[in-house]
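Structure, as structure tokens:
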Amino acid sequence: MNEIISTKNSTFSFAGKRTWITGHRGMLGSALVRSLSKEGANLLLASRQELDLSNQSAVHDWVDQNRPELIFHVGAKVGGIHANATYPADFLYGNLMIQTNVIDAAHHYGVKKLVFVASNCIYPAIAAQPISEDSIMTGPLENNIRSYAISKIAGIELCRAYRKQYGCNFISVIPPNLYGPGDNYHLQHSHVVAGILRRAHEAKQAGKREFVVWGDGTPRREILYVDDVAEAMKCLMAAPMTHDMFNVGCGYDFSIAELANLIAEVVGFEGSVVYDTSKPNGTMGKLLDNSRIQAIGWRPKVDEKTGLQNAYKDFLSLLETPNRSSRL
Ligand SMILES: NC(=O)c1ccc[n+]([C@@H]2O[C@H](COP(=O)([O-])OP(=O)(O)OC[C@H]3O[C@@H](n4cnc5c(N)ncnc54)[C@H](OP(=O)(O)O)[C@@H]3O)[C@@H](O)[C@H]2O)c1
């Protein structure tokens, strides 16, 4: 059960604020960079080469030297169902290390507010839809992504524990599947939208009459354009702390079959989608109850058609880059 916290209202501006975005080169991190740059935030950024977030002493030293006031903790080991099922130890160990180092350093050096990004996989595999924040830890997790999910639950709990023991203003956001510019289209590491988009594109290019999607097409997925999540995180960073975790979703979902057809339309693939039922469906439904964040005033702005068109443009521009990107 998550706690309700009350604080008084305040006005807020990012201008000049020393703001650290971890994982700023990734899909969500770069959306935050785009948006916060426009607000005049004093962005503190370090690539993985400059700062390995899984190195505790390096993270403490970096925070000591750079003294962020605000942290958007986005950096994590991220991957789709295949990567999660294949490398569970890397997902659990890597994310526990990264988030523990960042959250503890944030407390140690007096960071004013931290927003931690979790994921909708924290909720039980079978949960009443739409899934409210209170559903956390009420049932067994989806088996293929259990390690990643447990790391994210631990991150939420760590934020809560530092708030309870030390009064830290640390909160968590729970987004659904993200998509948009900066996504990873790797065949084995991609999430649902990027994976289908690539397969649809390759089938079109090869003149094939069909492409294959995992599972039977019936599970339902909520997707959210990455810039909308960045805006939600900014909104929560600025808002007085009413709760310590917030679902960030659009409030509706698609079956995988509907999503595949929508993506095929955006890509211009005119053949049919076939379903490989030997592959797992994953969780049947994951629609988030977004009433808590809606009460703060956030609403998504990008419709799926526009968002998917932008994602496809991003994918096409990646194909044109001279050096093959690790996102392909
Ligand atoms: N994508 C989704 O559908 C989705 C859904 C729900 C929640 N989330 C959460 O949203 C956040 C952002 O996801 P994303 O899709 O933007 O992921 P992403 O594109 O893979 O970005 C992750 C970033 O973290 C950095 N990173 C990973 N390990 C690091 C380390 N040891 N030291 C320094 N940097 C490290 C990566 O650096 P490199 O660039 O060097 O690899 C990358 O910039 C994550 O916390 C993820 O769990 C994502």
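Looking at the stretch 12-37, which of the residues that are more than 9 Å from the ligand (Cβ to nearest atom) and touching a Gly at 6+ places or on another chain (Cβ under 6 Å) is nearest to Ala230 (Cα to Cα)? Only one residue fits best here, namely Ile21.
Of all residues in the stretch 62-86, those that are more than 13 Å from the ligand (Cβ to nearest atom) and either part of a helix (DSSP H, G or I) or on the phi < 0 side of the Ramachandran plot (or both) total 10.
Based on what the data block shows, is Phe269 under 22 Å from Leu187 (Cβ atoms), modelled with pLDDT of 95 or more and assigned to a loop (DSSP other than H, G, I, E, B)? Yes. Among the residues making up the stretch 88-128, a single one is among the small types (Gly, Ala, Ser), more than 24 Å from Ala230 (Cβ to Cβ) and part of a helix (DSSP H, G or I): Ala89. Against the conditions (1) under 17 Å from Asn169 (Cβ atoms); (2) buried (at least 20 other Cβ atoms within 10 Å of the Cβ); (3) of a type outside the set (S, T, N, Q), Ile98 satisfies every one except (1). Restricted to the stretch 38-49, and to residues there that are within 9 Å of the ligand (Cβ to nearest atom) and touching a residue at least 12 places away in the same chain (Cβ under 8 Å), the residue that is surrounded by the most Cβ atoms within 10 Å (Cβ to Cβ) is Ala46. Summed over the stretch 198-241, residues that are assigned to a loop (DSSP other than H, G, I, E, B) and touching a Pro at 6+ places or on another chain (Cβ under 8 Å) total 2. Is the stretch 280-292 home to any residue that is more than 16 Å from the ligand (Cβ to nearest atom) and within 16 Å of Phe116 (Cα to Cα)? Scanning the stretch 280-292, I find no residue that is more than 16 Å from the ligand (Cβ to nearest atom) and within 16 Å of Phe116 (Cα to Cα), so the answer is no. Here Gly282 meets each of (1) modelled with pLDDT of 95 or more; (2) outside any strand (DSSP E or B); (3) not polar (S, T, N, Q) with one exception, condition (1). Residues considered: Ile223, Ile256. Of these, the only one that is modelled with pLDDT of 95 or more and in contact with a Gly (Cβ under 6 Å, 6 or more places away or on another chain) is Ile256. Checking the stated criteria, Thr100 turns out not to satisfy the condition of being within 19 Å of the chain's Cα centre (by Cα) and in contact (Cβ under 8 Å) with a residue 60 or more places away in the chain. Checked against the criterion of being out of contact with any helix residue (DSSP H, G or I) (no Cβ under 7 Å at 6 or more places or on another chain), more than 10 Å from the ligand (Cβ to nearest atom), without any contact (Cβ under 8 Å) to a residue 60 or more places away in the chain and not aliphatic (A, V, I, L, M), the candidates Pro124, Pro140 yield just one match: Pro140.
If you go through the stretch 242-266 and keep only what is part of a loop (DSSP other than H, G, I, E, B) and within 15 Å of the ligand (Cβ to nearest atom), you end up with Val248, Gly249, Cys250, Asp253. Screening the stretch 153-206 for residues that are in contact with a helix residue (DSSP H, G or I) (Cβ under 8 Å, 6 or more places away or on another chain), away from the ligand (no atom under 16 Å from the Cβ) and not small (Gly, Ala, Ser) and picking the one that is farthest from Phe72 (Cα to Cα) gives Lys204.
The values are calculated or read from the model by the stated rules, or taken from the named source; none is laboratory data. Here the structure is a predicted model, which means the values were calculated and not measured. Neighbour counts run over all protein chains shown; Cβ positions are idealised from the backbone, glycine included.
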